[in-house]
Amino acid sequence: MHISLWQNIISSISKSIDAHRFETWFRPLILNQSSDPSIISLSAPNQFIADFLDQHYKDLILSHATIFSSSITSIVFTVSNSNKSYQLYDTPDLEPQISSQIKNNAHVLNNTSSYPQLNKRFTLSSFVVGPNNQFARSAALAVSEAPGKTKFNPLLIYGGVGLGKTHLLQSIGNNVLSSFPDKKVTYITSEEFYLSFIDAIKNNNTKDFTARFRSSDLLLMDDVQFFSGKESTQEEFFYIFNTLYQNGKQIVLTSDLPPNSLKGLQDRLISRFQWGLAVDIQPPDLEIRVAILKKKAEEDNLNISEEILYYIAQNISSNIRELEGVVIRLLAFASITRSDITIDLVKNVLKGSGKVEKVRVSIDKIIEKVAEFYKVPVNNIREKNRRKEVAHCRQVAMYISKEITNNSLKTIGLNFGGRDHSTVIHAIQQIESLKNTDNYLSSDIDHIILTLTN
Ligand code: ADP
Ligand code: MG
């Protein structure tokens with residue numbers, strides 16, 4: 001198979017699943033040369049990833065592959081023995097040069113723009129409704145059925161972290177695109193808006209920048225609280241807002257707080273945010289948490305008993321992203337240990353997010369296992385190698401050393417080529433903050449700890 005064909009397939013996959021899953025399971029894959037056009041042979045960096053993809057993602061890959069080539073009938077995985085195959089957190093440009101011919105056939109690739117694409121996973125049908133979010137969902141539905149034509153302009157959805165604001169916002173975009181394929185939908189986070197605006201100023205093309213927003217039929221702006229204190233960005237957005245509003249275009253915004261509690265935003269913006277409808281999303285109650293877990297488990301083909309679902313839902317009350325995290329971790333645990341999902345396994349997984357019991361294992365052993373997992377040479381972890389993926393592995397190894405052994409920060413630093421204890425602190429903080437946004441990193445770490453302690 002030709003590499004450009006694979007690039008089209010992988011690009012299509014990247015738009016259909018969330019970024020964490022993509023980074024974990026798909027980014028590291030390398031296409032093997034094969035003479036048989038009906039087979040895609042992919043090389044994974046380790047057996048774990050190969051097995052996991054084989055069990056859970058084969059059909060997905062196949063379904064995307066057949067968009068581009070009807071002759072592909074099977075996907076096989078091999079394990080690579082090259083050291084540099086696992087490119088952690090690098091972001092090579094995956095956007096392929098899509099030939100116009102393929103573009104026309106592939107509905108998944110329409111609406112191409114340099115701004116983030118809508119994630120196809122975020123739909124109203126995958127959004128579990130409960131008393132905590134039903135008003136927000138109804139408003140989202142109404143707006144997506146008649147964008148710009150309801151009284152809900154702008155629609156502002158607000159609520160805490162991980163409660164489904166982005167999901168709902170993107171659902172509106174996906175819904176509008178499927179009912180009105182000609183409408184121009186722009187989704188952007190306020191942070192990206194800000195960064196692109198700064199770029200536009202630097203490159204002297206603010207005209208083009210505003211033009212693309214002003215020509216939208218539907219503008220979806222995520223996390224507007226980020227505009228706080230950014231005066232000229234707010235001003236730019238204010239004019240875009242006015243143009244769109246006057247032309248009867250739909251604007252939907254999300255924020256972490258209700259409009260009148262947003263700090264650092266100009267009054268004239270806040271008052272405009274209140275012209276339409278502001279709706280909140282509250283944290284889900286137990287029943288809804290169970291329903292959400294059920295849905296996530298289904299999406300991942302994971303069989304979990306009702307009793308276990310309740311157990312998890314009772315133990316995690318904070319946010320839905322965390323609930324999802326548990327499902328992902330369970331999935332990983334179950335396939336690593338090749339065991340069924342039992343209450344004990346769940347307890348283990350839940351415990352993994354809290355304190356871990358200290359064990360007698362040497363830092364050398366930890367470095368060895370981490371190196372093996374990420375396929376980097378052991379020596380690189382100890383030496384002063386600054387390559388991004390090596391630095392990341394080193395931080396993971398330091399983090400695990402702190403988590404599961406009784407060694408002091410100073411001793412840990414000494415074991416990593418005589419580094420200072422402040423470097424170790426930095427590594428631990430770095431990994432802790434990454435773990436908060438990357439459920440797969442948590443499950444990678446669980447996996448490594450599991451191999452060390454069993
Ligand atoms: P926010 O933007 O509010 O921080 P997200 O929209 O990113 O939260 O939601 C976090 C995760 O939880 C997403 O993966 C999303 O799909 C999921 N999620 C949130 N609410 C629901 C819901 N009601 N039904 C199903 N999944 C949900
Ligand atoms: Mg969000």
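The values are calculated or read from the model by the stated rules, or taken from the named source; none is laboratory data. Bear in mind the structure is a predicted one, so any value in this text is a computation, not a measurement. Cβ coordinates were reconstructed from backbone atoms using ideal geometry, including for glycine residues, and neighbour counts include every protein chain displayed.
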Check off (1) at pLDDT 95 or above; (2) over 22 Å from the mean Cα position of the chain (by Cα) for residue 255 and give me the number that stays unchecked.
(2)
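Filter the stretch 410-453 down to residues that are aliphatic (A, V, I, L, M) and in contact with a Ser or Thr (Cβ under 6 Å, 6 or more places away or on another chain), then give me how many there are. Spell out how you get there, then give the answer.
Step one: list which residues in the stretch 410-453 are aliphatic (A, V, I, L, M), which gives 412, 414, 424-425, 427-428, 431, 434, 441, 445, 448-450, 452.
If we keep only those that are in contact with a Ser or Thr (Cβ under 6 Å, 6 or more places away or on another chain) as well, we get 412.
Looking only at that region, the number is 1.
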Taking into account only those residues within the stretch 240-274 that are away from ligand 2 (no atom under 16 Å from the Cβ) and either in a strand (DSSP E or B) or among the hydroxyl-bearing types (Ser, Thr, Tyr) (or both), which is surrounded by the most Cβ atoms within 10 Å (Cβ to Cβ)?
250
Which of the residues that make up the stretch 21-39 are over 18 Å from residue 373 (Cα atoms) and in a loop (DSSP other than H, G, I, E, B)?
32, 33, 34, 35, 36, 37, 38
Residues in the stretch 354-376: is at least one out of contact with any strand residue (DSSP E or B) (no Cβ under 8 Å at 6 or more places or on another chain), of a type outside the set (A, V, I, L, M, F, W, C), without any contact (Cβ under 8 Å) to a residue 60 or more places away in the chain and over 21 Å from residue 447 (Cα atoms)?
no
Among (1) in contact (Cβ under 8 Å) with a residue 24 or more places away in the chain; (2) more than 16 Å from ligand 1 (Cβ to nearest atom); (3) more than 18 Å from residue 129 (Cα to Cα); (4) buried (at least 16 other Cβ atoms within 10 Å of the Cβ), where does residue 189 come up short?
(2)
Within the stretch 133-171, which residues are surrounded by fewer than 19 Cβ atoms within 10 Å (Cβ to Cβ) and over 24 Å from residue 184 (Cβ atoms)?
134, 135, 138, 160, 161, 162
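Condition check ((1) at pLDDT below 95; (2) more than 21 Å from residue 271 (Cα to Cα); (3) within 15 Å of ligand 2 (Cβ to nearest atom); (4) part of a helix (DSSP H, G or I)) across all residues:
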site	(1), (2), (3), (4)
137	no, yes, no, yes
142	no, yes, no, yes
150	yes, no, no, no
157	no, no, yes, no
162	yes, yes, yes, no
167	no, yes, yes, yes
173	no, yes, yes, yes
176	no, yes, no, yes
181	yes, yes, no, no
Residue pairs within 6 Å by beta carbon, gap of at least six or interchain, first lying in the stretch 44-67 and farther than 18 Å from residue 11 by Cβ, second assigned to a helix (DSSP H, G or I), listed first then second, are 44/50; 45/85; 52/335
If you go through the stretch 275-293 one residue at a time, how many are without any contact (Cβ under 8 Å) to a residue 60 or more places away in the chain and surrounded by fewer than 16 Cβ atoms within 10 Å (Cβ to Cβ)?
1
Tell me, please, whether a residue that is within 16 Å of ligand 1 (Cβ to nearest atom) and not polar (S, T, N, Q) can be found in the stretch 262-273.
yes
Got at least one residue in the stretch 18-30 being in contact with a Lys or Arg (Cβ under 8 Å, 6 or more places away or on another chain) and surrounded by fewer than 17 Cβ atoms within 10 Å (Cβ to Cβ)?
yes
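Within the stretch 161-184, is there a residue that is of a type in the set (Lys, Arg) and touching a Leu at 6+ places or on another chain (Cβ under 8 Å)?
Within the stretch 161-184, the subset of a type in the set (Lys, Arg) is 165, 183-184.
Right, trim to touching a Leu at 6+ places or on another chain (Cβ under 8 Å) and you get 183-184.
Looking through the stretch 161-184, at least one residue is of a type in the set (Lys, Arg) and touching a Leu at 6+ places or on another chain (Cβ under 8 Å).
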List, please: which pairs have Cβ atoms under 6 Å, are six or more places apart or on different chains, and start with a residue in the stretch 319-332 that is basic (Lys, Arg) and end with one that is outside any loop (DSSP other than H, G, I, E, B) and more than 10 Å from ligand 1 (Cβ to nearest atom)?
329/349; 329/443
The one condition residue 198 fails out of (1) at pLDDT below 95; (2) surrounded by 16 or more Cβ atoms within 10 Å (Cβ to Cβ) is (2)
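Return the residues of the stretch 209-226 that are more than 16 Å from ligand 1 (Cβ to nearest atom) and out of contact with any Pro (no Cβ under 8 Å at 6 or more places or on another chain); say none if nothing qualifies. Break it down into steps so the answer makes sense when it comes.
Here is the first cut: in the stretch 209-226, the residues more than 16 Å from ligand 1 (Cβ to nearest atom) are 209-219.
Correct list: 209, 210, 211, 212, 213, 214, 215, 216, 219.
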Which residues, counting only those in the stretch 152-180, are away from ligand 1 (no atom under 16 Å from the Cβ) and more than 23 Å from residue 261 (Cβ to Cβ)?
176, 177, 178, 179, 180
